[in-house]
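Beneath this line is the structure, given in structure tokens, with notes to follow.
The values are calculated or read from the model by the stated rules, or taken from the named source; none is laboratory data. None of the values given here were measured: they were computed from a predicted structure. Quick reminder, even Gly has a Cβ in these numbers, built from the backbone with ideal geometry, and neighbours come from all protein chains shown. What goes into the accessible areas is simple: the full protein's heavy atoms, side chains included, and nothing from ligands, DNA or RNA. Shrake-Rupley method; radii C 1.70, N 1.55, O 1.52, S 1.80 Å.
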Amino acid sequence: MTKIISFESSADETSVAIVEDGNIVLSNSVATQINSHQRFGGIVPEVASRHHIEWITRVLNDALNTAHVEPKALDAVAVTYGPGLVGSLLVGLMGAKTFALAHGLPVIPVNHLAGHIAAANFNKSIKYPAMALMVSGGHTELVLMREENQFEVIGETRDDAAGESFDKVGRLLNLPYPAGKTIDEMAHRGQPTIKFPTAMAHEDNYDFSFSGLKSAVINYVHHANQKEETINQDDLATSFQNAVVDALIGRTKRALENFPVKSFVLAGGVAANSQLREELTMLLNDFPKTEFIPVPMQYTGDNAAMIGAAGYWNYKKNIFADLDLNTDPGLDFELLQS
């Protein structure tokens, strides 16, 4: 049994976890900063990095105590080195390297995006070839995995990510940050009375675009305000969310038709959206040879358990880093070469 302690601090969650064999979570300690960033309507990088410094040793101790694991029983230290906010990444990276040096453990560098996908193994084991829809505040990508720990982007957003559009519309409607959960709840109360555009619906690719949708919502609200009309926010939320989900479903269907896979993973923060989960479940009924594996709800947000899962992939391939490992804020997967 391989036990990996993992560190995650790429944005506004400070987290340390201990994961066994890539699919058993022994502990997952997370300190959130949402209350600190709500007043700004988004993450303030300097504030985030300062909070990470305050919390990193606390979540480390909590993870060890919860798992009832001594450092000598660990096999490696996994850590997110990108993508993310450079100041935030540095705190987790320095914490992980310090722990590794103190206890004589190897360091495993982990791509944050791979972590989101690997968290599907906490639900069911991914079978290959596989495909993942990675939907978060900073990324919206369709990723092909011909084998374990190998990633090729076949479609990505041209502008705003899906989660980013939720937050921007949330600010427009004066909703608390992050707005995704609130909009999802509102959407279940409203009616799709407004027709918002689904960008690139007829283009022959797998890419996404949400900037036009965001602009359409802004224009609708401003126009209504100028005419002093009352907006039913629940109806607007329903119409907006329908447009986002339609875009995600449409591209996913096209990709599944052209790339037969054994598993389809839904990952990232927006993977918690109930409508997206429901519609993908229905879509996958049309692909009986493909098993739908959504990441468990408690692991859709940023957390260290997912880094431990992806770290195990690297551990099996002997992918380790020296103690001079640095951050890579712009890290991403490779684009599929046509």
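Couple of notes before you dig in:
- For Lys195, the lysines whose Cα falls under 21 Å of its own Cα, not counting residues fewer than eight places away in the same chain, are Lys168, Lys214, Lys227.
- DSSP bridge pairs, the chain: antiparallel proportion in percent, nearest 5: 55
- Each of Met1, Met186 has its accessible area taken with a 1.4 Å probe; listed largest first, they run Met1, Met186.
- Note on the chain: with a GNM built from Cα contacts shorter than 10 Å, the maximum mean-square fluctuation among Asp159, Asp286, Asp184 falls on Asp286.
- Calculated FRET value between Asp21 and Leu335, using beta carbons and R₀ = 35 Å, to 0.05: 0.65
- Gain on full stretching of the segment that runs from Asn174 to His103 - 0.36 nm per residue minus C-alpha separation: 20.8 nm
- Local electrostatic count at Arg277 - Lys and Arg +1, Asp and Glu -1, tallied over other residues with Cβ under 14 Å: -2
- Label-point separation in nm, Asn61 to Thr182, each point 7 Å along Cα→Cβ: 3.5
- One equal scatterer on each Cα of the chain, no solvent, Debye formula: the resulting log10 I(q)/I(0) at q = 0.06, 0.13 Å⁻¹ is -0.21, -0.96.
- Residue list for region 4-25, given a label point 7 angstrom along the Cα-to-Cβ vector of Glu46 and an amide N cut-off under 19 Å: 11-12
- When His202, His116 are compared by accessible surface with a 1.4 Å probe, the order from highest to lowest is His202, His116.
- Judged by the mean number of other Cβ atoms found within 10 Å, the most tightly packed of the peptides 134-145, 47-58, 91-102 leads the ranking 134-145, 91-102, 47-58.
- Extension gain for Leu323-Asp204 works out to 38.4 nm (0.36 nm per residue, less the C-alpha to C-alpha distance).
- Relative contact order, whole percent, for the chain stands at 26, derived from Cα pairs under 8 Å and 6 or more residues apart.
- Label-point separation, Lys72 to His222 (7 Å along Cα→Cβ), nm: 6.6
- Top positive-direction residue, dipole computed over region 92-158 with Cβ charges, set His139, Ala118, Phe99: Phe99
- Accessible area (Å², per residue) of region 200-321, counting only protein heavy atoms and a probe of 1.4 Å: 44
- Whole-Hz couplings from phi, Karplus 6.51/-1.76/1.60, listed for region 110-127; x for Gly and Pro: 10, 6, 3, 5, 4, x, 4, 6, 4, 4, 4, 5, 6, 9, 9, 5, 6, 10
- Peptides 106-115, 146-155 ordered by packing proxy, namely the average of other Cβ atoms within 10 Å per residue, highest first: 106-115, 146-155.
- Region 200-273 gives an Rg/Rh value of 1.09, both radii derived from C-alpha positions and Rh following Kirkwood.
- For region 231-290, the fraction of alpha-carbon pairs lying more than 15 Å apart is 54 percent, rounded to a whole number.
- Under the span-like rule (Cα at least 30 Å along the axis, Kyte-Doolittle mean at least -0.5), DSSP H helices of the chain: 45-67, 233-258
- Note that region 1-130 carries a Kirkwood radius of 15.0 Å, evaluated over its alpha carbons pair by pair.
- Alpha-carbon gyration tensor eigenvalues x 5, square-rooted, for region 145-242, Å: 29, 16, 12
- Applying 1/(1 + (r/R0)^6) with R0 = 56 Å to the Cβ-Cβ distance of Asn285 and Ser211 gives a FRET efficiency near 0.95.
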